[in-house]
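Nothing in this text is a laboratory measurement; each read-out follows from the coordinates by a stated rule. What you see is a predicted model, and the numbers here were worked out from it, not measured in a lab. All Cβ positions, even for glycine, are placed from backbone atoms using ideal geometry, and neighbour counts span all protein chains on display.
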Amino acid sequence: MADFLIHTGGLPDWIAWAITASLAAFFILNVIAGGALAFIWAERKIAARIQDRLGPTRTGGKFGWLQSLADGIKLLTKEDLMPDGADGLLFRLAPYVSFCASFAAFIALPFAFDFVGQRLNVGVFFVIAVLGLEVFGVILAGYASASKWSLFGAMREAAQVVSYEVPLGMCVVVPVMLAGSMDLVTIGEKQAGWFFQWYLFHDPFTFITFWIYVTCAVASVNRAPFDLAEAESELVAGFHTEYSGLRWSFFFMAEYGSMFLVSALAAILFLGGWNGPVPVASLLGLSDGSGDTTGYFVRLAGCANLMTKATLGVLIMMWVRWTLPRLRIDQVMTTCLKYCTPIAAVMFVGAMLWTLALPGGFFRGLGRPAGEIREGWLLGPGGMSLQVQKNGEAPPSSSRFEQSESPVSQVGL
Amino acid sequence: MNTGFAITTGSMFATIISVANINWHGMFFAIFALAACAMAVAVVLTDNVVRMAFYLVLSLGATAGLFFLAGAEFVGAMQLMIYVGGTLVLLVFGVMLTAQAPFVSMKTPQRDWVLASILAVCLLAVLVQASVGVDAWRTAAVSVGGGVQREAPEPSATPLGMALLGMRVDNDSSGIVTPSIRSGYLLPFEIVSIHLLVVLVGAAYLARAKRRRTPRAVETAGQSELKEEVRVAS
């Protein structure tokens with residue numbers, strides 16, 4: 001898009017890049033904010049239906065679909081309170097820390113083949129690392145509120161998130177190993193084709209790994225049954241007891257943003273990313289890599305695919321939240337350390353051995369597009385003999401790409 | 001939209017703004033570097049431990065931004081993961097667990113200030129000397145317009161990972177690499193891993209709950225006696 005602005009629009013380079021970058025940021029911001037509005041409404045409706053109620057019905061005519069907007073206006077007009085004993089600076093900044101972490105992780109998240117804010121070759125690692133920063137806002141909020149409820153909530157959250165990062169990381173390593181890359185775009189690309197090319201169905205080990213990932217992801221975004229940090233039956237409202245108005249809503253935008261993020265990550269890592277269950281585009285002879293208008297529309301469809309998968313993931317999280325009771329802190333720790341971590345470790349080794357034994361996957365040769373397994377960083381069937389690129393060439397995973405010359409200009413929307 | 005219209009509006013814009021050409025790369029470098037330095041100074045000047053941790057997060061985050069700007073994405077993500085996400089969360093967690101008063105503040109004595117300043121100045125001198133001393137680092141990439149043209153291909157974390165497994169793909173040009181212990185960093189990597197594992201096991205051993213050796217019946221009897229005493233006392 002920056003190239004389009006420079007060549008067609010005649011704009012100077014720097015302003016073209018600025019426009020492109022702010023457009024990308026604008027889209028991501030709207031995914032988070034608009035997503036939060038929609039998800040809060042969905043959460044209320046789903047909770048109500050599960051508890052045999054109706055939920056919001058009046059605001060905005062049918063189904064109360066304007067309820068979240070009305071809530072937003074109410075939150076805007078609420079007084080911004082701060083406890084007397086609180087640490088003012090940290091109390092005010094904590095919601096922004098949470099929100100910024102959630103927002104920053106979206107930068108490296110591809111929505112379709114080329115729809116990514118900034119393509120990083122360590123994309124998975126970046127997303128996991130930045131997602132772990134969200135807890136810092138929660139801890140700061142709990143500490144700076146100078147309230148025992150908040151402090152308890154923050155301590156629980158810290159213990160929980162630090163523990164659950166371990167099995168989460170192990171689960172994420174499995175698809176990374178299968179794809180031979182930490183680049184999220186490459187991982188999504190490798191799962192192109194029919195739905196049995198998805199890493200979920202690669203072998204039995206990845207299938208189990210996916211469910212471990214789901215458990216750990218729910219725990220790491222602090223949702224029920226792992227929402228100990230805001231356990232309303234014990235801690236009033238946990239870490240955000242003292243918050244009100246817009247600052248409070250920032251925590252919730254961050255929470256819904258990260259829910260969407262881990263769901264989208266699950267979709268890219270295990271559920272084929274932007275590739276639908278049936279490769280409609282490639283059956284029609286279209287490719288998402290082509291530079292013309294058809295390629296653009298295929299990518300747009302891929303974006304819709306990924307959004308659908310991620311939204312389904314969020315809805316499943318809501319379903320789980322309103323179905324299961326909250327765990328105690330010792331049960332949370334037991335789930336993580338005694339079950340998730342060992343299972344994830346075994347699955348990792350299992351998937352590794354399976355890949356060595358059957359390099360093509362479970363459904364080897366069924367509908368795998370020609371040239372899918374490229375030469376390069378993949379372990380060959382013969383064990384440790386590796387064919388690698390020569391020094392100074394671009395890695396084969398990015399050969400479909402023009403390597404752009406600046407970090408800013410890689411905003412490919 | 002009409003292309004001709006776009007070109008006319010575009011060139012209008014261009015004439016308006018062509019006076020100043022912002023180098024985004026340099027500007028972001030300045031922003032991140034300033035933030036890192038300012039927050040580092042703030043860490044030193046604050047009394048409150050948790051605020052220090054917060055400033056340190058901002059400072060280290062800005063440093064990670066510098067790494068990303070330089071194209072060292074793996075190092076940047078590592079910085080975020082280990083220092084910002086891991087170490088500092090544990091630091092604040094430790095403060096919350098051990099603090100006696102609501103907001104812990106630390107006053108630094110005068111002589112510590114002096115000692116620390118001397119150390120800091122020495123370290124700074126060494127670092128500045130090192131960063132200016134290497135000739136290869138002086139010739140920066142040529143800056144054109146908003147970006148920096150790279151001569152080398154996009155850096156990737158893969159050679160690093162392969163080197164940790166004993167395969168130095170960056171040094172080898174033959175194409176086929178056989179792993180060996182000496183060529184890469186496999187041995188140091190394994191030693192560090194084992195060392196960390198030993199430390200973890202040791203920490204878990206030291207911190208484990210101490211169980212009493214006394215038989216269960218005696219223990220319950222002792223507890224009931226204790227309850228009796230409490231009742232008598234009340």
Practice prompt. Return the ratio Rg/(2.2 N^0.38 Å) for segment A:67-156, where Rg is computed over Cα atoms only.
Written response: 1.38
Response to the item:
In cubic angstrom per residue, the convex hull of segment A:40-112 built on its Cα atoms measures 168 Å³
Worksheet item: Roughly how crowded by other chains is peptide B:74-82, in terms of the mean Cβ count from those chains within 10 Å of each of its Cβ atoms?
Response: 5
Worksheet, complete the sentence: Per its Cα gyration tensor (rounded if a/c is under 1.5, else prolate when a/b beats b/c, else oblate), segment A:211-264 is best filed as oblate
Worksheet item: Stretch A:L353-A:T77 to full length: gain in nm at 0.36 nm per residue minus the Cα-Cα span?
Response: 93.5 nm
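Please report, in whole Å³, the volume per residue of the convex hull around the C-alpha atoms of segment A:78-364.
Details: hull volume 36.2 nm³, N = 287.
Residue-normalised Cα hull volume stands at 126 Å³.
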Worksheet, complete the sentence: Phi-derived 3J(HN,Hα) across segment A:309-317 with the Karplus relation (6.51, -1.76, 1.60, θ = phi - 60°), rounded Hz, x for Gly and Pro, is 4, 5, 5, 4, x, 5, 5, 5, 4
Worksheet, complete the sentence: For B:N48, the residues 5 or more places away or on another chain with a placed amide H closer than 5 Å to its own amide H are B:M106
Worksheet item: Could you list log10 I(q)/I(0) for segment A:157-243 at q = 0.19, 0.21, 0.26 Å⁻¹, which the Debye formula gives when each Cα is one point scatterer?
Response: -0.85, -0.96, -1.23
Worksheet entry | Greater than 24 Å apart at Cα, pairs in A:K45/A:K74; A:K190/A:K309; A:K309/A:K338 | A:K309/A:K338
Item to complete: Scan around A:V116 for amide H atoms under 5 Å from its own, H built in the peptide plane at 1.01 Å from N, and keep only partners 5 or more places away or cross-chain.
Response: A:F111, A:G412
